[in-house]
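Asker: Here it is, the structure in full.
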Amino acid sequence: MEVNKIKFHKSACGVDFLMNMLYLNEFSEDYFGSCLYSADFFEILFLDSAKGTVRLNNREVTLTNNMVLFISAHEKRQWNVNTNELKGRSLIFQEDFLNEFFADKYFSLRLHYFYQLSYTPAINIDNTDRDKLCDMLEEIKSELNNSKYDSGHIIRSLLYYILMKLNRIYGKRFNLTAESPQNSFAYEFRRLLEDNIRYKQRVEEYAEIIGVSRVSLNKAVQKQFNLPASRLLKQRLSQEIQNELLFTDNTIAEISDTLNFSEPNHMIRFFKTLNGVTPMAFRNSNKQ
């Protein structure tokens, strides 16, 4: 199955920023069509009204009015919506924009709602918070459309508030830690998983790269994400297998080889233990 890829064009907002704020009716009709695609930017959608579903990798999210939907960069998505009833705003930005503005290479990883494997990537927020955040989105839109010498600073402060406020709300909703990390081991581990899960599938390998013991890494991951490092690794590997099953026509043996399992039966046992079904049963059920 072919996955189309959409790239961010910084000229689209008229200024040299790797971010934008768009009303949903400003997107092309194909953007919310039924085709499968991924994008090289993060997206937060503030849905005023919505009816239908969106598939994000292997998960299907039912859309509702007044929902905030979080989509991570490179996440495969497929919409099944009534575009006539789809109204709202979308905040889009590339990771380089966050890194440049906030000088923190782990910033996107510190946001609970991105790269989320355990909880739904969507929440409903109360009207007071929603109105305040949408007002800030309008300010960002105004600064982008009428850029001045200090627009970058204003946009940065507004964006920071929006991202952190949503992070607080999301964390409270799912009882996730709001404490500042004592070290960056947990975030470095999570970042490395995104880049290396196809090749490295033992916690020890990541601990060696980071330069800490497996015990220290596990303590950091457990404290920050409320999961042992091995569990987070298995979740991410399972998601990678699911993506292969759903979005390619590769055989079980080919997927096993691609993900560096010693033999297909090992991958089948691993997958069934985590998901309760065999890879082939998962593929057949979801493709139907």
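Asker: Hand me the list of strands (runs of 3 or more DSSP E) wholly inside the stretch 22-98 holding 2 or more residues that are within 20 Å of Leu158 (Cα to Cα).
Answerer: Numbers: elements: 37-39, 42-49, 52-56, 59-63, 67-71, 77-81, 87-93.
The strands (runs of 3 or more DSSP E) meeting that bar are 42-49, 67-71, 87-93.
Asker: For the stretch 102-109, check the following and say yes or no: at least one residue is assigned by TED's automatic domain parsing to the domain that holds Lys148, basic (Lys, Arg) and crowded, with 16+ Cβ neighbours inside 10 Å. Walk me through it before giving the result.
Answerer: Let us first name the residues in the stretch 102-109 that are assigned by TED's automatic domain parsing to the domain that holds Lys148, namely 102-109.
Within this subset, residues satisfying the condition of being basic (Lys, Arg) are 105.
Imposing the further condition that a residue be crowded, with 16+ Cβ neighbours inside 10 Å reduces the set to none.
Checked the stretch 102-109: no residue is assigned by TED's automatic domain parsing to the domain that holds Lys148, basic (Lys, Arg) and crowded, with 16+ Cβ neighbours inside 10 Å.
Asker: What are the residues in the stretch 210-234 that are surrounded by 15 or more Cβ atoms within 10 Å (Cβ to Cβ) and of a type in the set (S, T, N, Q), if any?
Answerer: Within the stretch 210-234, Asn218, Gln222, Gln224 qualify.
Asker: Mind checking which residues of the stretch 189-206 are within 17 Å of Phe270 (Cβ to Cβ) and within 14 Å of the chain's Cα centre (by Cα)?
Answerer: Leu193
Asker: Still on this structure, I have one more. Tally time: how many residues in the stretch 13-39 are closer than 19 Å to Phe97 by Cβ and in contact with a helix residue (DSSP H, G or I) (Cβ under 9 Å, 6 or more places away or on another chain)?
Answerer: 10
Asker: Moving on to the next point. Somewhere in the stretch 198-207, is a residue modelled with pLDDT under 90, assigned to a helix (DSSP H, G or I) and farther than 27 Å from Asn175 by Cβ?
Answerer: No, the conditions are met nowhere in the stretch 198-207.
Asker: Another question, then. Taking Ser238 as the residue in question, decide whether it is under 20 Å from the mean Cα position of the chain (by Cα) and either assigned by TED's automatic domain parsing to the domain that holds Arg190 or touching a residue at least 12 places away in the same chain (Cβ under 8 Å) (or both).
Answerer: Yes, satisfied.
Asker: Among the candidates Ser90, Ser118, Ser34, single out the residue that is in contact (Cβ under 8 Å) with a residue 12 or more places away in the chain, surrounded by 17 or more Cβ atoms within 10 Å (Cβ to Cβ) and of a type in the set (Ser, Thr, Tyr).
Answerer: Ser90
Asker: Any idea which of Leu144, Leu98 is closer than 22 Å to Leu193 by Cα and at pLDDT below 95?
Answerer: On inspection, the qualifying residue turns out to be Leu98.
Asker: Can you tell which of Leu233, Leu166, Leu159 is at pLDDT 95 or above, in a helix (DSSP H, G or I) and assigned by TED's automatic domain parsing to the domain that holds Ala122?
Answerer: Leu166
Asker: If you don't mind, there's one more thing I want to ask. What number of residues within the stretch 102-155 are part of a helix (DSSP H, G or I) and among the small types (Gly, Ala, Ser)?
Answerer: 4
Asker: Further question: Just wondering, is there one or more residues in the stretch 39-59 that are within 17 Å of the chain's Cα centre (by Cα) and free of Cβ contacts under 8 Å to residues at least 12 places away in the same chain?
Answerer: No, every residue in the stretch 39-59 fails to be within 17 Å of the chain's Cα centre (by Cα) and free of Cβ contacts under 8 Å to residues at least 12 places away in the same chain.
Asker: Determine which member of the set Ser108, Ser118 is at pLDDT below 90 and touching a strand residue (DSSP E or B) at 6+ places or on another chain (Cβ under 8 Å).
Answerer: Just one listed residue meets the conditions, Ser108.
Asker: Just name the residue that is surrounded by the fewest Cβ atoms within 10 Å (Cβ to Cβ) out of those in the stretch 142-162 that are under 20 Å from Glu43 (Cβ atoms) and touching a residue at least 60 places away in the same chain (Cβ under 8 Å).
Answerer: Asn145
The values are calculated or read from the model by the stated rules, or taken from the named source; none is laboratory data. On a predicted model such as this, the values are computed, not experimentally measured, just so you know. Counting neighbours? That spans all protein chains shown, and the Cβs are built from the backbone with ideal geometry, glycine included.
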